[in-house]
1. Working carefully through the options Thr79, Thr21, find the one that is of a type in the set (Ser, Thr, Tyr), closer than 22 Å to Ala9 by Cβ and without any contact (Cβ under 8 Å) to a residue 12 or more places away in the chain.
2. Those residues that are aliphatic (A, V, I, L, M) and not in a helix (DSSP H, G or I), I need them from segment 26-63; list them, please.
3. If His57 satisfies all but one of (1) within 9 Å of the chain's Cα centre (by Cα); (2) surrounded by 15 or more Cβ atoms within 10 Å (Cβ to Cβ), what's the number of the condition it fails?
4. Applying the selection to segment 64-99, what residues are at pLDDT below 85 and assigned to a helix (DSSP H, G or I)?
5. Ala15 - would you say it is touching a Leu at 6+ places or on another chain (Cβ under 6 Å), under 14 Å from Asp76 (Cα atoms) and hydrophobic (A, V, I, L, M, F, W, C)?
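The values are calculated or read from the model by the stated rules, or taken from the named source; none is laboratory data. Values in this document were obtained by computation on a predicted structure and should not be read as measured data. Please note: Cβ atoms are built from the backbone with ideal geometry, for glycine as well, and neighbour counts cover all protein chains shown.
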Amino acid sequence: MSENVPLKAEEIRVALLELLTRVAPDIDPAAVLPDVEYREQFDFDSMDLFHLAVAIHERFGVDVPENQYRELLSLDRATGYLLGRLKRGAAHEVRARTW
């Protein structure tokens, strides 16, 4: 996928499910309820959340500050958060190139 092509929500969701199963291999991606926090569905603790934030940075190049980890607590929230961050990043990149 080209770096200049913005990701769609479904592509982000699929990538997040893949990252979740890397962080917590016991998670069945088909069983994830998108609007329910992971810790309410699985044995998912603060270290898992930290590892998810690191995996997101590695996959998407998005730094997630610790005070925004709450945005990663469910699939829907994480998808929306990343969609917004990636759009802002792309807009910033375009502005930076015009200077």
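1. When all the criteria are applied, what remains is Thr21.
2. Ile27, Val32, Leu33, Val36, Val62
3. All conditions pass for His57, except number (2).
4. Selection gives Arg88, Gly89, Ala90, Ala91, His92, Glu93, Val94, Arg95, Ala96, Arg97, Thr98.
5. no
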